[in-house]
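My questions all concern the structure below.
The values are calculated or read from the model by the stated rules, or taken from the named source; none is laboratory data. Remember, predicted model here, so these are calculated numbers, not experimental data. FYI the Cβ positions are ideal-geometry reconstructions off the backbone, even for glycines, and counts take in every protein chain you see.
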Amino acid sequence: MLQALLISNGLVGLEKYYVSNELVQYTTCFITKDFNPDLTPYDLLVVPNGSDHVAMLKIKDKVRDFLDAGKALVCCDGFFTAWVPGNQWVMDNSRPTLEVRYAPGTDRYDLLRGFDLDELNFSHGMSGWWACGYIAAAPAADVVLADTWQRPVVVLDEVSTAGRMLLTASGPLADVTYAGRTESALVTIYRNFLQLVSSSTVPAHG
């Protein structure tokens, strides 16, 4: 079972979306003015929607060391500071949301297995709801999903560090959706990634 550190800046209900299960055990780390967590006991670092990226910038060297040790990171929020090795989120809401569609790209590990693309393209009949930007991805990283203009919105990066990063341009990956669903496109990507990491990780605690 993966040991995951879940970063929280006190968002109400976060524990409803990240629920320990057969794949992962979560430990929540709250962001305080003295934020400086020890990442070494963990296999996975999870930085969810609504995170404090100024605080994450303060520990960017620790994150880099964590990944260079072969560990994994999930960041599913627009990381507007430069703490993610090799990649940068770019805010851009200049495109008409009616024109936004998402298309599969490189998926060597079948992360989109069981994935319903229409759930991302349309939410409550609306398009363009999922991301207000894109990721300037590291060269040679896998662009798992791109938008209408071929801009990366889901990236799997195994080239910037010795570890593995799954990054989204704000799509809220979790064990349970905000609507309380355990079966959805975003849950599917997240669980497929957890299974991938589980299959190739020597547990940090063992």
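Which helices (runs of 4 or more DSSP H) sit wholly inside region 1-79 and have at least 1 residues that are free of Cβ contacts under 8 Å to residues at least 60 places away in the same chain, touching a strand residue (DSSP E or B) at 6+ places or on another chain (Cβ under 9 Å) and surrounded by fewer than 17 Cβ atoms within 10 Å (Cβ to Cβ)?
In region 1-79, 14-17 are the helices (runs of 4 or more DSSP H) which contain 1 or more residues that are free of Cβ contacts under 8 Å to residues at least 60 places away in the same chain, touching a strand residue (DSSP E or B) at 6+ places or on another chain (Cβ under 9 Å) and surrounded by fewer than 17 Cβ atoms within 10 Å (Cβ to Cβ).
Sticking with this structure for a sec: Applying the selection to region 120-147, what residues are surrounded by fewer than 17 Cβ atoms within 10 Å (Cβ to Cβ), more than 15 Å from the chain's Cα centre (by Cα) and at pLDDT 85 or above?
Answer for region 120-147, where residues must be surrounded by fewer than 17 Cβ atoms within 10 Å (Cβ to Cβ), more than 15 Å from the chain's Cα centre (by Cα) and at pLDDT 85 or above: Pro139, Ala140.
Can you name the number of the only condition in (1) closer than 25 Å to Ala141 by Cα; (2) touching an Asp or Glu at 6+ places or on another chain (Cβ under 6 Å); (3) of a type outside the set (Gly, Ala, Ser) that Pro104 fails?
Just one mismatch for Pro104, condition (2).
Now, a different point. Is it the case, given these coordinates, that Val84 is touching a helix residue (DSSP H, G or I) at 6+ places or on another chain (Cβ under 9 Å), touching a residue at least 12 places away in the same chain (Cβ under 8 Å) and surrounded by 15 or more Cβ atoms within 10 Å (Cβ to Cβ)?
yes
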